[in-house]
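K.L.:
Got a structure for you, questions after.
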Amino acid sequence: MHKLFGFFGYLIFIFLLSSCSFFSKKTSNSRETYQIQKLETDLSVTNVDINSLACASGWNENCVLQQKNVNKLTKLRKIVLVGDTGCRLKESKSGYEYQNCQNLQDWPFLLVATEIAKEKSDLIVHLGDYQYREQCSQNSELCKNVKDSVGYHWKSWEEDFFKPVALSSIKAPWLFVRGNHEDCGRAHAGFLHLMSNYYNSTNANTKPNASAACPENLPLEFYEFDKTVIVNWDSSSLDDRKPLTEEKKEQVFNTLIEIKSKVYAHPEKTFILVSHKPLFAFVPTKKEYVVSNMNLISLWQKVEMPSNLKFVVSGHIHNFQMTKSANFPVQIISGNGGTKLDPFSVDTTVNELKSLPVAKELGFDFFTLTIADNHYGYAVLEEQSNGEWKVVAKNVLDKNKVECFVGTKKLNCKQENP
């Protein structure tokens, strides 16, 4: 019975991916078919054409017709925001962090994805960090159960992202943002082939290869709709802790200038910048809360970005946050999609965070939802009939939610409990 369920589940997966689409350029018809390694026998599949699996990311020429359907999506009103979804298996000198990848309370991405499917949104934006199964070497039952999915290969991508998405029956198109877990030192090979437009006609015959040349940064992508433009920025290599080199400062500054020129040229449109690394965030340390990302904040201030870039949407910090300032766009962080949450205290108050010197200096009027160990979920960004935007952060385990209306001056937020 288990084999039968796995087989039909996988057929549903292939069907969903073959009918979905993504925002990408037309690719070469000379693209080579790459046969993925043998999958688990309980899926009753021996070899799967990666072209079928990659349809969602749009790099296969067979998906070009479906891409045209997305181009017809002139109205973009409801966007689901989710990030940092993989099951954390990590070891370091200081110890190890293991989530139980087979326990929906400990790693609830399948629950998150199932709720996202119910939203019937126009678009889902994944804000990066899909693949967290890095090391699990302890002689334990937990590590034995996940040994085949640890590392940077197809099986880890399947278990951490593709299988939960398939089982959730999500039908909306995805936009994929590159996270630091998909940088050149980690899971870049899977991301570049399955979720980006990097392998275009100039390198169409390249197979997924962890040792292949890896671009530190992917080019900016602009997706235009009737009233909205989404800018996809690969900030995966931007250090948000250590000072940047002069070369990196220049690179980031030039990227911001490129964004500014596009925003300035279309004052009639609302711009949404999606970037894994946030512009502004509160981060817990062992002793206190600190403000991140001062590297980006200082460069942003020099650029003087037009006000019609209204939102910066990010992951990276493993909770939900929103901040607003007269001098910066609204920052939304939705990084609580499944991976181990950052240790924010339930007792952390807005006034406590307001007291941070940098927050005062930058003039942030902010609302932040601090996350306890069971606050996993996603956010919905939706334009209202009056032209204003509403953000709803939803908790999938206890079903509470925070609803914020983005006004001209302040965030108007309220929390609702079931």
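K.L.:
Looking only at residues that are in contact with a Lys or Arg (Cβ under 6 Å, 6 or more places away or on another chain) and within 22 Å of Phe405 (Cα to Cα) in the stretch 323-365, which one is modelled with the lowest pLDDT?
P.N.:
For the stretch 323-365, the residue satisfying everything is Asp365.
K.L.:
With of a type outside the set (Phe, Trp, Tyr) and closer than 20 Å to Arg241 by Cβ as the only criterion, which of Lys277, Lys302, Lys310, Lys262 stands out?
P.N.:
Lys277
K.L.:
Continuing with the same structure: Can you give me the ranges of the strands (runs of 3 or more DSSP E) entirely in the stretch 279-333 with at least 1 residues that are more than 19 Å from the chain's Cα centre (by Cα), more than 16 Å from Ile259 (Cβ to Cβ) and not aliphatic (A, V, I, L, M)?
P.N.:
Working: elements: 281-284, 289-292, 309-314, 320-325.
Answer list for the stretch 279-333: 281-284, 289-292, 320-325.
The values are calculated or read from the model by the stated rules, or taken from the named source; none is laboratory data. Only a predicted model underlies this, so the values are computations on that prediction, with no experimental measurement involved. Every residue, glycine among them, receives a Cβ derived from its backbone with ideal geometry; neighbour counts consider all protein chains shown.
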